[in-house]
Structures are given as C-alpha cells and as structure tokens.
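J.: Here it is: the structure, laid out below.
The values are calculated or read from the model by the stated rules, or taken from the named source; none is laboratory data. The shown structure was predicted, so the numbers you read here are calculated from the model rather than taken from an experiment. Ideal geometry is used to build each Cβ from the backbone, glycine not excepted, and the neighbour counts take in all protein chains shown.
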RNA sequence: GGAGAGAUGGCCGAGUAGGUCGAAGGCGCUCGCCUGCUAAGCGAGUAUACUGGGAAACCGGUAUCGAGGGUUCGAAUCCCUCUCUCUCCGCCA
C-alpha cells in the first residue's frame, strides 16, 4: 500500500510512474475521495469535541434536572455524529479498498519497459554444457529413471500434480536440506517453519489479496488459504509489530510447499515439473532498515545465486522491467537456470525489494532508537531456490549419455553418498 | 465437539452498582543528580494512528483498554456477536 499522504502530495508523479507498469491505475477519483474524507473528519470531530466537553460539564452537576436541556441537545449531537460517522466509514472503506488495489511504485532504477522482452540481463554464470547427444527434457529423464510419476500424480489429484519416487523423492529432500543448511549455516538466516495455511489478513499484508484471490486455494469451512509462497507467512511474522532498530536486518529462511491455482495458464508448461499446483520452495525473507534495502537485495540475490554456483548449474540474472515486476515489488531480479533439455533459461528464483509497500499494509515498523518514532521497515524476499525446478535443472544438466544423472558433489552427503541416479533395476 | 475462565500501555498488574481513566502501582527503558567502582538511591520523562495549525520545535482535536456492533448526554466498566488464549472432558498424529 502506498502512503496516502505521499499520493496526495505527489499525485502526478505517482500516476506517471505507475503508468510505466502498463496497468491503468486511475488516481483521478482519489483526490476527491480524500478531500471529502478530510472534510467529514473535521466536521464529526468538532461535534465530538463539543459532546465531550458538555458531557464533562453534565457529570459535574449533581442535580440532573438542571441539565435536561444540555442532555437533550447532546442527544441530537450524538445522532448527528452517528450519521456523519457512518458516512465517513463508507468513504474510508472505499478509499482503503481502492488503495489496496494500487500496485507499488517501481524504483527509479527499474528499467522502464512493457513486457519481459524489455527485461535487462545483468549477468551470466557458468558454461553451458555441450553434449554428444541430444539432451532430453526432465520429464523423459524422470520417467525413464522411474523417479517421477506424472500419471499417478494426476490419478491421485489431477493435472499439475506429480508423484516423486525413490531417488527422486530423496533428491528433492536433499535439495531442501542443502539449501536450508547453506542459508542458515553460511548466510546467517534464521530458519522458520511456518503454517502452510494463513488467514485473510496475512494474504492482504503481503499483497496477494484483495486482487489475486483467483490464484489462491481457499479452504472450505474456514476462511484460510493455502500459501502460494513462504513469503506470506514469513513476512507476516512481524505483522503489527514494532521492531527494534538494533535488531535489523532480520533474515529468515523457510522451507514450505507452495500452492497455486495457476488460473489462466492453461496449456502453458503442461509437461513436467515446471508449473505445478504444489511445489516446494526454500524462501529467503528480510526485514531491513529503509536506507539499506538496495544493498540487502544484492546480498539476498547473491545468497540465492550461491545455491546454483555450488550445484554448478549455469544461470543468468535478469532485472525485470516496470511492465514485468509483480504487484507489490518496486524492484526485482530473476535468476534463470539453464535447461538444456528445453534449450532455454527458466526462472528459478525471483528476488524483490518491496520497499515499505508490504510493511505499510502489514504494519511492520521499527524504532531507530529506543525513543524515536516508529518507521516502516523495508521487506525483501526471494526464492533460495524453487526446489522442484532445481531438481529439473539437475536432471537436465547432469544427464549422461547412458540415461543416468550425476548427482552434484555438494548433494552427495545428503543422498547417502549416492553419486548418480541410474536405470531402475 | 462439550463445560468453564480470561483478553487492559514494552512487560506485569489495578480498575466492574457507567462520569474525576489514555488509564493507579510496579518492572523495564531514556535523560539528569548522587555515588571511589558496582549495586542501591533521588528527580523528570516514557503508546499509537488519523487530523488541524506551524518552516520547525511544537501546540490543538479525535480515536484506541482483543475485534465489531448496541444502550447512554457520557462506556475499560452494561448488553449482543465474533476472534484468540488457558483449564477440564471427549477425539486424535
């Protein structure tokens, strides 16, 4: 959510910068709504001040028969207040509902562009391997090795669900542990294991609601949602809190499954593990001092990249343009891993700086000093990494001519020293 | 799922025949004093949001005692609904 006063004072600029997102946000109604709200507020508060004063006078008179006039008068004032308050409540509801649908203002550093074609590649790492054979896509590898069972996944649940089996299941678990150990042990994140369902407030705090309810799985009987990313529960850990400046930055990592409806992606990535309704992810989340959020984004990005470097998987980093960044983000870098089976780079992590956008929605503040007044923190998060897609990258990059898959060195301790996944016997 | 108890400021904890309660007291914290050091002691201060004025320091108004609604001139205190926590029973990994 944007600062209402900031919008009020910089209406043209805000509108112009939001326009670079490509989504038509119309702020024309804002000024009028905001003006009416403040006028009404003045009016009702003046009446309340009067009522408070007179009620106080009434309380000091023992013989109430002497103040029947005032009491009658105040009865009328109270009725007016009630009517004005109701009007005000409706206005504020409208204003809040509107503000919750306005996306974040992109950073001035975010490249301006309309689509992902305008994203800016900022680096490449690793050599793209060449093979003496035609590299297969992971779904073929996984089925041939009998470690991924797409048909039974579909039988158990439906499309976009997969059953992992044997070494496949173990590899997924190994990746989760490897990533968590790396981020907690070397990068100093604190591990969290949050609920996988959250309430409406949490979803609103990080920006999934109210606009993107169609992307979420909702429970029947209770107003809870399956989390689409650990960003939601982990960022909301400090919702409504005032943190101490000296505790910042706070860095958390969490493994969770993620659940997404993938509405509107029919026919996209229908084969394999790339786009699932349920997938595993290790997430990185930071709460930082506003002055440091750009630098913290760089280090968070580097922490995520480190996973791929240790696994020796080639990747590139892309900075998303204004037309491609998410609703809540002001700046985003995607990490894309090379997939030889599909001869392309695919997103495996998305690292964003949200500025104070989520902090304002979720009420996450800090005090610089014990006595200074609370300010909103900046929140950041990024995948570190998407586990299923990392498994995909390993299958495709580490495949051998004989159909087996070599396990990256760093994962072997997590795999009972297994060096490769071979043909099922 | 059944029965009961509770939710007050950073924390603990008063306050229930409605007004003098934004809220006693204690702890913590900040600043100052005192003290050979430490501890103790003394004094002052110590919520947030919105809003009006002001260049600012700051001053004024309103709201907030789990959330929402009601009664009343006036609600932390009375009534209703909801949420959460705790205890006991049942069920259960």
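J.: Of all residues being surrounded by fewer than 16 Cβ atoms within 10 Å (Cβ to Cβ) and in contact with a strand residue (DSSP E or B) (Cβ under 6 Å, 6 or more places away or on another chain) in region A:180-194, which is modelled with the highest pLDDT? Just the residue, please.
T.: A:184
J.: Given the conditions (1) closer than 30 Å to residue A:212 by Cβ; (2) surrounded by 11 or more Cβ atoms within 10 Å (Cβ to Cβ); (3) more than 8 Å from RNA strand B (Cβ to nearest atom), report the number of the one that residue A:3 does not fulfil.
T.: (3)
J.: I've got another one for you. With the condition being out of contact with any helix residue (DSSP H, G or I) (no Cβ under 9 Å at 6 or more places or on another chain), in contact (Cβ under 8 Å) with a residue 60 or more places away in the chain and surrounded by fewer than 24 Cβ atoms within 10 Å (Cβ to Cβ), I'd like the strands (runs of 3 or more DSSP E) fully within region A:283-358 carrying at least 3 qualifying residues.
T.: In region A:283-358, there are no strands (runs of 3 or more DSSP E) which contain 3 or more residues that are out of contact with any helix residue (DSSP H, G or I) (no Cβ under 9 Å at 6 or more places or on another chain), in contact (Cβ under 8 Å) with a residue 60 or more places away in the chain and surrounded by fewer than 24 Cβ atoms within 10 Å (Cβ to Cβ).
J.: Residue A:399 is checked against (1) surrounded by fewer than 24 Cβ atoms within 10 Å (Cβ to Cβ); (2) farther than 15 Å from residue A:179 by Cα; (3) more than 31 Å from the chain's Cα centre (by Cα) and fails just one. What number does that condition carry?
T.: With respect to (1) surrounded by fewer than 24 Cβ atoms within 10 Å (Cβ to Cβ); (2) farther than 15 Å from residue A:179 by Cα; (3) more than 31 Å from the chain's Cα centre (by Cα), residue A:399 is out only on (1).
J.: Continuing with this model, one more query. What do you reckon, is residue A:51 touching a residue at least 24 places away in the same chain (Cβ under 8 Å) and more than 10 Å from RNA strand B (Cβ to nearest atom)?
T.: no
J.: While we're here: Going by what's in this entry, would residue A:380 be described as farther than 24 Å from residue A:105 by Cα and in contact (Cβ under 8 Å) with a residue 60 or more places away in the chain?
T.: So residue A:380 fails the test.
J.: Residue A:102: surrounded by 14 or more Cβ atoms within 10 Å (Cβ to Cβ), in contact (Cβ under 8 Å) with a residue 24 or more places away in the chain and in a loop (DSSP other than H, G, I, E, B), yes or no?
T.: It is true that residue A:102 is surrounded by 14 or more Cβ atoms within 10 Å (Cβ to Cβ), in contact (Cβ under 8 Å) with a residue 24 or more places away in the chain and in a loop (DSSP other than H, G, I, E, B).
J.: Pairs only if they're at least six apart or on different chains, beta carbon under 9 angstrom, first in region A:69-88 and within 8 Å of RNA strand B (Cβ to nearest atom), second at pLDDT below 90; list them, first residue then second.
T.: Close Cβ pairs satisfying both conditions: A:70/A:61; A:71/A:64.
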